[in-house]
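Asks: Pasting in a structure now, in structure tokens, and then I'll have a few things to ask.
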Amino acid sequence: MPPFPLYTIASWIFPPLFSRRKHWYGLEHVPPGGVVVAANHLSSVDPFILGMPLWPPRVVRYMAKAELFTPWLGWAMRAIGTFPVRRGEADSEAFRTAVQILQEGQIVGMFPEGTRAKKGLRKKFTPEPHTGTARIALAAGVPLLPAAISGTDHLLGRGPVCVAFGPPVQLDDLAGMPRRKAAEIGTERLMAAIAELTEQLRSATADGTRGARPFSPNGYDPRSSSTPDPGGER
């Protein structure tokens, strides 16, 4: 695993900040080897929070907008394990980099909506699901793992900060389909799974206290209704 010193430092700093507020669910669903982890996006700290349950020993790699890779800031972006992507256009180089990282057995974290759900009064990009996340998982031949984050939009409050991982999204039956159609179907399934996990987290943290009720993240079955999977809080 290549060294990412700032990622390591952040992994030392963030967990103590949240103490007993942090709750992780469904870690048994995270497979070994390359995997795309895709989640909802609430806050600029989400990449750190999504990676916390998996560290150590695993690092989650992310794309970051190319504008941040300046001569002054680029070293820091690379030191936390990110790689550049040109937003608002098809970036074949970022796509190939993500596929290579996954085929090396690493984790790539993505936010399919591309931007935070809430971001001040005006937003340049409206959060809408993009098919790139599913396309990358299909191209690399790796699992596509849904995740949900809650509490990061109220970090100064006292409520819990949670991450829940669900079972991988079904992609096997998409083999042989045209790539665009397969990515569209995979994205629909992914967003349904993320929405389901988000609702489960909302129910588990409904009382607004630092605690969160244990629950088992359910899997989204596109052929039927949700199918419970054994597991629980870690």
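Values in this text are rule-based calculations from the coordinates and carry no lab data. What you are looking at is a predicted structure, and each value in this text was computed from that prediction instead of being measured. Positions of Cβ are generated from backbone atoms using ideal geometry, with glycine treated the same way; all protein chains shown enter the neighbour counts.
Asks: Starting from the eigenvalues of the Cα gyration tensor, five times each then square-rooted, give me the equivalent ellipsoid semi-axes of the range 40-92, largest first, whole Å.
Replies: With the √(5λ) rule applied to the range 40-92, the semi-axes are 21, 14, 11 Å.
Asks: Kindly give the semi-axes, whole Å and largest first, of the ellipsoid equivalent to the range 133-183, taking each as the square root of 5 times a Cα gyration tensor eigenvalue.
Replies: Equivalent ellipsoid semi-axes, largest first: 33, 10, 7 Å.
Asks: Here's something else I'd like to know. Taking the number of other C-beta atoms within 10 Å as the exposure measure, put Ser92, Ser150 in order starting with the fewest.
Replies: Arranged by neighbour count, lowest to highest, Ser92, Ser150 become Ser92, Ser150.
Asks: Is the shape of the range 19-175 rounded, prolate or oblate, going by the alpha carbon gyration tensor and its root eigenvalues a ≥ b ≥ c, with a/c under 1.5 for rounded and a/b larger than b/c for prolate?
Replies: Note, shape of the range 19-175 comes out rounded.
Asks: Starting from the amide H of Leu42, placed 1.01 Å from N in the peptide plane, find each other amide H under 5 Å away whose residue is 5 or more places distant or on another chain.
Replies: Close amide H contacts, sequence-distant or interchain: Ala117.
Asks: In whole Hz, what ³J(HN,Hα) sequence does the range 46-59 give by Karplus (6.51, -1.76, 1.60; θ = phi - 60°), x for Gly and Pro?
Replies: Working through the residues one at a time gives 3, x, 5, 5, 5, x, 4, x, 9, 9, x, x, 9, 9 Hz.
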